[in-house]
Amino acid sequence: MTKFHFVSGLPRSGSTLLAAILRQNPRFHASMSSPVASLFEGIIAQVSAGSELSTMVTPEQRAAILKGLFESYYGDLDQDIIFDTNRAWTAQLPALMHLFPDARLICTVRDVAWVLDSLERQYRSNAFENTRLFNTPMERATVYTRVDALASSNRLVGFSYQALREACWSEFADRLVMVDYDLLSAAPSQVMRLLYQFLDEPEFAHDFNNVEYDAPEFDVQLGLSGLHRVRRKVEPRRRRTILPPDLFERYANMSFWRDLKNSSAFRITTQPQDAASDDESSDVAKEGCDDEEVEANDV
């Protein structure tokens, strides 16, 4: 039977890169964000209290319908394991774990200031397009209004950040592992080895010099050409931020995953970095609820 796992976390933190690597394994299907999470939420809304359908669909029927959604959407694939990607999954853990008790959630993370820097860089690279990231001319007016809009609690960065925090201290946190983008780009073989251990799957020899992914049609309709383009070689790329210093500092040091006190979530992450670079790595660590760091070679 097909096994489902999930990819979530922060935007611009390597989820598409991770999917591009995972899909090299012929047993795995992985891709960019799918519509399943939106359909999932829509079905729940249709049968919840306040809807005329709520008394016509039993809890057992709801679970069967929701599980059937995954089976229908991915029904034409023959891979053993499906990784469905969406930032909303961290806010849906109770429902997911009820449907798929053996599922695991991989959350890609990155310093929030660098996430916002990456989105601003993407916006500027499409200078003649009013991207759909922003709802009004006022939101897109300056780098300050753009960043603050994206960081709002119900928007792209703010929502995913808060949902990730919720998941890390939930009763299902032990089903979750966080993968630091810096480390994935700098030490992909070590990261993937730890991920395979977390998933309890046999290792696969990935080719990190030939990793490719692109979704040009999807990106164009967002007004963000190149948003999901993955470079062929997995490697770190140093650069300086394009955010004003005060704005960068406002959102720096929000990497709560570096201190998971009282959380049973796992992490594969680097130690804190110099703010001048978003792609430099240090130690490889896997950390659980006891906060014990383990060198990758000893896992």
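A short reminder: the numbers here are calculations on the coordinates, not readings from a lab. Just so it is clear, the structure is predicted and the values come from calculations on it, not from any experiment. Cβ: placed from backbone, ideal geometry, glycine included. Neighbour counts: every protein chain shown.
A crude spin-label estimate for the pair residue 69 and residue 141, with each label 7 Å from Cα along the Cβ direction, gives 3.8 nm. A protection proxy built from the mean count of other Cβ atoms within 10 Å ranks the segments 26-35, 125-134, most packed first, as 26-35, 125-134. If the segment from residue 189 to residue 98 were pulled out straight at 0.36 nm per residue, it would be longer than the present Cα-Cα gap by 29.5 nm.
Each residue, residue 262 and residue 169, gets one label point 7 Å from its Cα in the Cβ direction; the gap between the two is 0.6 nm. Expressed in Å, the radius of gyration and Dmax of the Cα atoms of the range 108-158 are 10.5, 31.
The listed peptides 88-100, 236-248, 173-185, ordered by packing as a protection proxy, come out as 173-185, 88-100, 236-248 (highest mean of other Cβ atoms within 10 Å first). Peptide packing: for 257-269, 74-86, the average count of neighbouring Cβ atoms within 10 Å per residue gives the ranking 257-269, 74-86, highest mean first. Along each principal axis, taking the top coordinate minus the bottom one, the Cα set of the range 68-203 gives 48, 36, 34 Å in descending order.
Would you mind classifying the range 1-120 by shape? Square roots of the alpha carbon gyration tensor eigenvalues, ordered a ≥ b ≥ c; an a/c under 1.5 is rounded, otherwise it is prolate if a/b is larger than b/c and oblate if not. Taking the square roots of the gyration eigenvalues as a ≥ b ≥ c, the range 1-120 is oblate. Remark on residue 178: its backbone amide H falls under 5 Å from those of 107, 266, 267, 268, a criterion applied only to residues 5 or more positions apart or on other chains, H modelled at 1.01 Å from N.
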